[in-house]
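This report refers to the structure that appears directly beneath it.
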Amino acid sequence: MIRIRLSLAAALALGLGLSVATAFAQAQPQAQGGASKAATVNGVTIPAARIDSIVKSQAARGVPDSPQLRNEVREQLIVREIIAQEATRKGLAKNVDVQAQLELARQQVLWNAYIADFIKANPIPDAQLKTEYDKLRSTRGDKEYKTRHILLEKEDEAKAVIADLKKGRKFEELAKQSKDPGSKDRGGDLDWNSPAGYVKPFGDAMVKLEKGKYTEVPVQTQFGWHVILVEDVRPAKFPSFEEIKPQLTERLQEQAFSRSVTDLRAKAKVE
């Protein structure tokens, strides 16, 4: 899936955090329309709107607007313009690698502009978001399980562990031989999770166990052979619709954008 990121463009240097797309969109009309300017460097105008865009970007990051910030941004833009002019004077703009980077930057500006336009033109209705929410909630299930497991490479090894459990040996002790590096040192602890959080054979076996019971037959998955212990069961906690609405919106936007790109790719004449 193609991920939507409105700030994919290269950030303005010196930590200003302004995307190339934003600078382009905000500054170009001002440059053409002759609106107020922040400075003129060797006859080249730096539009005031460019500073406004950067300050707005910083405000979104929690940096308050202030005369000091605006002066710093103005000075940095002036220095950047001076260096750009000097690089051009030295012929660096004609360098093949530099031209390739400029073209990539141009494409990135248009990419970001297209994404912003697509999102504006294709809002996700609340009804569609609610449907997605209900679907996710149904797959999560109504219970969560606190489990431990021991992962072995061979079925006979798993059967030997089960035999040891029946003899009274502690699950946590036997878990030290597990092939799962993430849980073996914690006694095989997998913490709380829903059946949907595991591969299907594991989840199916888990939900059949009563609290305090372990699988008396090894469970096979693509990872190996498991011995599973259910320590506790509780009602599943699922966030409210409003809590995850932003994530759902982004997810559906990404899906819609991906379909749009796939459609455009299919129609394009590529040789």
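The values are calculated or read from the model by the stated rules, or taken from the named source; none is laboratory data. Every value quoted in this text rests on a predicted model; they were computed, and no experiment measured them. A quick note on method: Cβ atoms are made from the backbone with ideal geometry, for glycine too, and the neighbour counts reach across all protein chains shown. For the accessible areas, the whole protein counts, side chains as well, though only heavy atoms, and no ligand, DNA or RNA atoms are used. Shrake-Rupley method; radii C 1.70, N 1.55, O 1.52, S 1.80 Å.
Need one number: nm distance between label points at Asp126 and Lys166, each 7 Å from Cα along Cα→Cβ, rounded to one decimal.
5.8
How many nm is it between the label spots at Phe241 and Ile82, if each spot is 7 Å from the Cα in line with the beta carbon?
So the two model labels end up 5.8 nm from each other.
Any aspartates and glutamates with Cα under 20 Å of the Lys176 Cα? List them, leaving off those in the same chain fewer than 8 positions away.
Glu153, Glu155, Asp156, Glu157, Asp164, Asp185, Asp189, Asp191, Glu216, Glu231
Given H placed 1.01 Å from N in the peptide plane, which residues other than close sequence neighbours of Ala39 have an amide H under 5 Å from its amide H?
Under 5 Å from the amide H of Ala39: Ile46.
Under Stokes-Einstein, with the Kirkwood radius over Cα pairs standing in for Rh, what whole-number D in µm²/s applies to segment 49-144 at 20 °C and 1.002 mPa s?
117
For the chain, state the semi-axes of the equivalent ellipsoid (square roots of 5 times the eigenvalues of the alpha-carbon gyration tensor), sorted largest first and rounded to whole angstrom.
Computed over the chain, the values are 57, 22, 20 Å.
Accessible area per residue of segment 132-271 at 1.4 Å probe, in Å²?
I get 61 Å² per residue for segment 132-271.
Taking θ = phi - 60°, what integer Hz values does the Karplus form 6.51 cos²θ - 1.76 cosθ + 1.60 yield along segment 210-225, in sequence order, with x for Gly and Pro?
7, 4, x, 9, 10, 6, 8, 10, x, 10, 9, 10, 5, 8, x, 10
Nearest 10 degrees, 0 to 90: what angle lies between the long axis of helix 96-121 and the longest principal axis of the chain (Cα atoms)?
Long axis of 96-121 versus the principal axis of the chain: about 70 degrees.
Could you check the simple spin-label distance between Val98 and Asp204, using points 7 Å along Cα→Cβ, in nm with one decimal?
Between Val98 and Asp204, the label points sit 6.4 nm apart.
Length gain on complete extension for the stretch Arg89 to Asp142, per 0.36 nm per residue less the alpha carbon to alpha carbon distance?
The span from Arg89 to Asp142 would gain 12.3 nm if fully extended.
So which of Lys154/Lys211; Lys56/Lys90; Lys143/Lys170; Lys120/Lys269; Lys154/Lys237; Lys37/Lys120 end up more than 32 Å apart by C-alpha?
Lys56/Lys90; Lys154/Lys237
Over its Cα atoms, what ratio of radius of gyration to 2.2 N^0.38 Å does segment 70-209 give?
On the way: Rg = 29.4 Å, N = 140, 2.2 N^0.38 = 14.4 Å.
This ratio for segment 70-209 stands at 2.04.
Sequence-distant or interchain residues sharing an amide H contact under 5 Å with Glu231, placed H: which?
Lys146, Thr147, Arg148, Gly212
Summarise the accessible area of the chain (1.4 Å probe, protein heavy atoms) by the percent that is carbon and sulfur.
53
Could you work out the Rg to Rh ratio of segment 149-258, with Rh taken as the Kirkwood radius (inverse of the mean 1/r over all Cα pairs)?
Result for segment 149-258 is an Rg/Rh of 1.11.
In whole Hz, with x marking every Gly and Pro, tabulate ³J(HN,Hα) for segment 153-167 from phi via Karplus 6.51 cos²θ - 1.76 cosθ + 1.60, θ = phi - 60°.
So the Karplus estimates, Gly and Pro as x, are 6, 10, 4, 4, 5, 5, 5, 5, 5, 4, 4, 5, 5, 5, 7 Hz.
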